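Novice: This is the structure, below, for whatever I ask next.
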Amino acid sequence: METKQLTITDTMTGRLDKVLATQFSQYSRSQLKHWLDDGLVLVNGQVMKAKYKVQVGDEIQITPPETKAIDLVAQDIPLDIVYEDDDVLVVNKPQGMVVHPAPGHPDGTLVNALLYHAPLSTINGEFRPGIVHRIDKDTSGLLMVAKTDRAHQSLTAQLKAKTNEREYVALVHGVIKEERGTINAPIGRSPKNRQQQAIVANGRPAVTHFEVLKRYQHYTLVSCRLETGRTHQIRVHMKYINHPLAGDPVYGPRKTLPGNGQYLHARTLGFTHPVTGEVMTFTAPLPEWFATQLARLDQTDAL
């Protein structure tokens with residue numbers, strides 16, 4: 001990849017990592033951090049730390065690493081299949097599994113596992129075959145997968161028409177006083193951090209309905225039903241009402257419950273079968289790590 005050059009002027013002040021993030025906004029902060037750590041950023045020909053205070057006249061040189069091509073391979077990875085026929089498949093994705101290959105996750109994804117298991121629709125491009133909708137890496141729960149192009153078109157149309165049922169269980173910080181509520185706030189890429197989503201005036205419409213399932217002294221267990229399906233929607237919306245998800249490394253507080261990510265589980269999934277027209281609804285119980293934490297709260301944080 002082509003080397004990037006920058007000469008520091010008097011309008012560029014502060015730490016090296018902050019200046020890089022401002023001047024090279026086409027790259028994410030995490031990418032720039034990795035390149036700093038790997039010695040791919042030079043200041044006047046020398047490797048410097050992220051906290052280095054830049055000086056007027058400093059010559060910055062960034063040499064991004066060559067991107068590796070991703071080869072999509074079928075991998076024999078165990079799957080928790082809840083339902084399957086010739087057209088559709090419903091899978092219960094574990095926490096920690098990425099849905100489809102992308103830079104940084106070339107394999108070991110749900111798509112790699114699905115390709116080994118069955119033929120998939122071809123509509124969604126080379127690296128997302130069969131994938132109609134996604135859930136985050138550290139969110140567990142139900143996903144519908146299309147095995148044929150006909151099924152894919154039908155399931156996508158249902159998502160667009162908002163006729164699907166998608167219910168999540170989330171554990172959030174703080175005690176929600178209302179029994180239920182609706183969050184209607186547009187979501188788009190954060191102007192402060194390209195890797196995050198945020199409530200922004202020109203964002204895409206986003207609607208989440210929530211209902212309290214159980215209250216603890218410091219947490220609330222809620223059911224969230226999606227009317228729309230924006231990236232990180234529940235995580236962003238719950239933060240917006242000052243009840244961020246427990247364990248969320250991006251949108252939650254630093255002091256939170258232990259675990260490997262946000263306490264969020266896609267529990268219920270409903271759709272109309274693309275061929276038979278039958279209305280189908282599936283549920284997946286809370287994973288053991290989630291249920292174990294709730295049992296702990298019952299002992300230590302009960303009202």
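Derivation of every value follows stated rules applied to the coordinates shown; laboratory data play no part. These figures come from a predicted structure and were not determined experimentally. Here the Cβ is made from the backbone with ideal geometry for all residues, glycine too, and neighbour counts use every protein chain on show.
Novice: Which value, to two decimals, describes the C-alpha radius of gyration of the chain once divided by 2.2 N^0.38 Å?
Specialist: 1.15
Novice: Follow-up question, since we're still on this one. Taking just the alpha-carbon atoms of the stretch 162-303, what radius of gyration and Dmax come out, in angstrom?
Specialist: Calculated on Cα positions, Rg and Dmax stand at 15.8, 49 Å.
Novice: Sorted by average packing, counted as other Cβ atoms within 10 angstrom per residue and highest first, what order do 37-50, 263-276, 99-112, 129-142 take?
Specialist: On the way: 37-50: 13.6, 263-276: 20.1, 99-112: 17.6, 129-142: 22.0.
Most protected by this proxy first, the peptides run 129-142, 263-276, 99-112, 37-50.
Novice: I need the trypsin sites (Lys or Arg not before Pro) found in the stretch 149-231, filtered to DSSP loop residues with at most 10 other beta carbons within 10 Å of theirs.
Specialist: Values: sites: Arg150, Lys160, Lys162, Arg166, Lys177, Arg180, Arg189, Lys192, Arg194, Lys214, Arg215, Arg225, Arg230; in loops: Lys162, Lys177, Lys192, Arg194, Arg230.
Here the sparse-neighbourhood loop sites are Lys177, Lys192.
Novice: With equal scatterers on the alpha carbons only and no solvent term, can you work out the Debye log10 of I(q)/I(0) for the stretch 4-62 at 0.16, 0.17, 0.21, 0.27 1/Å?
Specialist: -0.39, -0.45, -0.71, -1.25
Novice: Could you compute the FRET efficiency for Thr11 and Val175, with r as their C-beta to C-beta distance and R0 at 35 Å, rounded to 0.05? Please report the intermediate quantities before stating the final value.
Specialist: Working: r = 47 Å, r/R0 = 1.34.
Efficiency computed from Cβ-Cβ geometry: 0.15.
Novice: What's the longest piece of the chain with no exposed GluC sites (Glu not before Pro), counting a site as exposed if DSSP puts it in a loop and it has at most 11 other beta carbons within 10 Å? Before the final figure, lay out the partial values.
Specialist: Details: sites that count: Glu2, Glu66, Glu126, Glu178, Glu179, Glu278.
Excluding the exposed sites themselves, the longest stretch runs over 180-277.
Novice: Out of residues 5 or more away from Tyr83 or on other chains, whose amide H comes under 5 Å of its own, with H placed 1.01 Å from N in the peptide plane?
Specialist: Residues meeting the amide H criterion: Val90.
Novice: As an exercise, use a Förster radius of 51 Å and the Cβ-Cβ distance of Ala157 and Asn260 to find the FRET efficiency, rounded to the nearest 0.05.
Specialist: Details: r = 35 Å, r/R0 = 0.68.
Efficiency for this residue pair is about 0.90.
Novice: Next up: Please give the Cα centre distance for the stretch 80-95 versus the stretch 151-195, rounded to the nearest Å.
Specialist: Centre-to-centre (Cα) distance: 21 Å.
Novice: Quick one: putting +1 on the C-beta of Lys and Arg, -1 on the C-beta of Asp and Glu, what dipole do you get for the chain around its Cα centre, in Debye to the nearest 20?
Specialist: Working: 34 positive and 31 negative charges, 267 e Å.
Computed charge dipole of the chain: roughly 1280 debye.
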